[in-house]
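These notes concern the structure reproduced below.
The values are calculated or read from the model by the stated rules, or taken from the named source; none is laboratory data. Everything numeric here is computed off the predicted structure, so don't read it as measured data. Note: ideal-geometry Cβ built from the backbone for every residue, glycine included; neighbour counts use all protein chains shown. Side chains are part of the model used for accessible areas, which takes the heavy atoms of the whole protein and leaves out ligands, DNA and RNA. Shrake-Rupley method; radii C 1.70, N 1.55, O 1.52, S 1.80 Å.
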Amino acid sequence: MTHILARHHPEYWTGDYNGYDRDPLSMFNPSTSMRDIEKIIQSVIDYRENSQWMKERLDQGNYKPKGYVGYHDGNLYKLVVSGGSITTLYPYGWNEVEE
């Protein structure tokens, strides 16, 4: 959750692009709560066959990072899983970051 908030939530953003000089980071709406983010994560996991694909990758021993897209309340998000952990989640697409 720390990475998600520090890199993709305007209220917690650290100001660090971390190598993304050319492309701004995709940000959540400032009113998005941590509970909202948890719900978004679950929606993306439950979207279509994402949970099945995640399980199959782990069962095969494939722990490389993999992105999954899915919808929550009509908005598209990308969830990245590496190994058995969620590494990040963000609104799918690039939005301008305001400093």
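At a glance:
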| read-out | value |
| --- | --- |
| Ser33 accessible area, assembled protein chains, probe 1.4 Å, Å² | 50 Å² |
| Gained length - Leu76 relative to Met1, 0.36 nm times residue gap less alpha-carbon distance | 25.1 nm |
| On Cα atoms only, tilt of 34-46 relative to the major axis of the chain in degrees | 40 degrees |
| The chain: angle of helix 50-59 to the longest principal axis, Cα-based, in degrees nearest 10 | 60 degrees |
| With every protein chain in place, the chain: carbon and sulfur % of accessible area (1.4 Å) | 45 percent |
| Contour minus Cα-Cα distance for Ser85 and Val69 (0.36 nm per residue) | 4.2 nm |
| Accessible heavy-atom area order of His72, His3, His8, highest first, probe of 1.4 Å | His3, His72, His8 |
| Stretch gain in nm, segment Tyr12-Asn62, where the contour uses 0.36 nm per residue and the Cα spacing is subtracted | 14.8 nm |
| Where the chain is the region considered: accessible area per residue in Å², 1.4 Å probe | 65 Å² |
| Solvent-accessible surface (1.4 angstrom probe) belonging to Asp73, in square angstrom, nearest 10 | 130 Å² |
| Exposed-site-free run, longest, the chain (rule: trypsin sites (Lys or Arg not before Pro); DSSP loop; at most 16 other C-beta within 10 Å) | 49-99 |
